[in-house]
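Visitor: Below: one structure in structure tokens.
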Amino acid sequence: MDHDAMDVAEARYELVISVDARRSGEYDDVDKPRMRARIYRVLEAAFTHAKVARDAVHMEDRGDGVLLAVAGRIAVTRLLGLWLVEVHENLRDENRALRVPLGLRVGMHVGPVRHDDRGISGRAVDLACRLADSPVARRLLDAERADLVLVVSDALYEDVVSSGGKFIEPAHYALARLKIKEGDVNAWFHLPGRPAPVIPAGDPPTAAEAAPADGPPPASDTPSVSDTPPASDTPPASETPSASETDTPRAHYTVHGDMSQHSDNVYQQPVHIGRITEQRKG
């Protein structure tokens, strides 16, 4: 009898780890397999260096990430400490050769996990995935230009992280309140190798807001028809001469010595303009 075989109704208390790649949708069909290969290299090398046996780890492919469950016989402190350090260092090594660095969001929670022939399930799995995929984790990874962000559940922080341990620094975690599908939860965020992060405020921009618009500017920035003056050669009413001014010729004279100025004059016969000077004989 296989004593390790368990009925699907039974649950194992395990550490669930959800790993997602940053902006995986931006990878094309050629680069995506390479991205996936890098994730597996980073994770598997970290398990080896942390001395976590391969048979203690359940690993599921998620296309743009990996879902893991680590058996309860492995100390959670080893995963939060040495394993996470190795993941971060391996990721940094991978990114040195990349023009666009690979970023990872890692969510962790401990709880009951049910195994079947197709994988794992349970609330613990759901929560770990929600943490890794949270908007705060996405914004923090971009805002800090980090390679890796870790998000742990409130229970995991209180039960394990808060007590510290080798490579575990509780003061380097920051608390945030998340709105997830199942309700509001507390979560703790950590950037390996850095002080406690400042949690970014506000909602992340949508794809439409982040990308430049191809269409016209918003209505508030576009003058309406009523705001646009009509195209006309007719001057404003205040500048339009009256009928009496246009029907009668205007004459205005200003004389200073030898200078004379004539405006709007009509002459009916030859006119001499200027001074007649008598020439004296010597």
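The values are calculated or read from the model by the stated rules, or taken from the named source; none is laboratory data. On a predicted model such as this, the values are computed, not experimentally measured, just so you know. Using ideal geometry, Cβ is built from the backbone for each residue, glycine included, and neighbour counts are taken over all protein chains shown. Surface accessibility is based on the protein's heavy atoms, side chains included, excluding ligands, DNA and RNA. Shrake-Rupley method; radii C 1.70, N 1.55, O 1.52, S 1.80 Å.
Visitor: Among Arg41, Arg73, Arg34, which is the only one that is of a type outside the set (A, V, I, L, M), surrounded by 14 or more Cβ atoms within 10 Å (Cβ to Cβ) and free of Cβ contacts under 8 Å to residues at least 60 places away in the same chain? Don't jump to the end; show me each part of the working.
Guide: Numbers: Arg73 fails: surrounded by 14 or more Cβ atoms within 10 Å (Cβ to Cβ); Arg34 fails: surrounded by 14 or more Cβ atoms within 10 Å (Cβ to Cβ).
None of the others qualify; the one that does is Arg41.
Visitor: Now for a different question. Return the total of residues in region 131-171 being under 19 Å from Leu79 (Cα atoms) and among the basic types (Lys, Arg).
Guide: So the answer is 1.
Visitor: I'd like the full set of residues that are open to solvent by less than 60 Å² (accessible area, probe 1.4 Å) and either part of a helix (DSSP H, G or I) or farther than 24 Å from Ser153 by Cα (or both), limited to region 44-62. Walk me through it before giving the result.
Guide: Narrowing region 44-62 to residues open to solvent by less than 60 Å² (accessible area, probe 1.4 Å): 45-47, 50, 52-53, 56-60.
Hits for region 44-62 are Ala45, Ala46, Phe47, Ala53, Ala56.
Visitor: Another one. What are the residues in region 36-67 that are touching a strand residue (DSSP E or B) at 6+ places or on another chain (Cβ under 6 Å) and at pLDDT below 95, if any?
Guide: Result: Asp64, Gly65.
Visitor: Could you tell me which numbered condition Pro205 fails, if it satisfies all but one of (1) modelled with pLDDT under 95; (2) more than 25 Å from Leu102 (Cβ to Cβ); (3) open to solvent by 60 Å² or more (accessible area, probe 1.4 Å)?
Guide: Pro205 satisfies every listed condition except (2).
Visitor: Please enumerate the residues belonging to region 10-31 that are of a type in the set (A, V, I, L, M) and either open to solvent by 80 Å² or more (accessible area, probe 1.4 Å) or touching a Cys at 6+ places or on another chain (Cβ under 9 Å) (or both). Please lay out each step first, then the result.
Guide: First, the residues of region 10-31 that are of a type in the set (A, V, I, L, M): 11, 15-17, 19, 21, 30.
If the condition is that a residue be of a type in the set (A, V, I, L, M) and either open to solvent by 80 Å² or more (accessible area, probe 1.4 Å) or touching a Cys at 6+ places or on another chain (Cβ under 9 Å) (or both), then Val16, Val30 are the ones that fit.
Visitor: Turning to a different aspect of this structure: Sort out for me the helices (runs of 4 or more DSSP H) sitting completely within region 122-197 that have 2 or more residues that are open to solvent by 60 Å² or more (accessible area, probe 1.4 Å) and of a type in the set (Asp, Glu).
Guide: In region 122-197, the matching helices (runs of 4 or more DSSP H) lie at 154-159.
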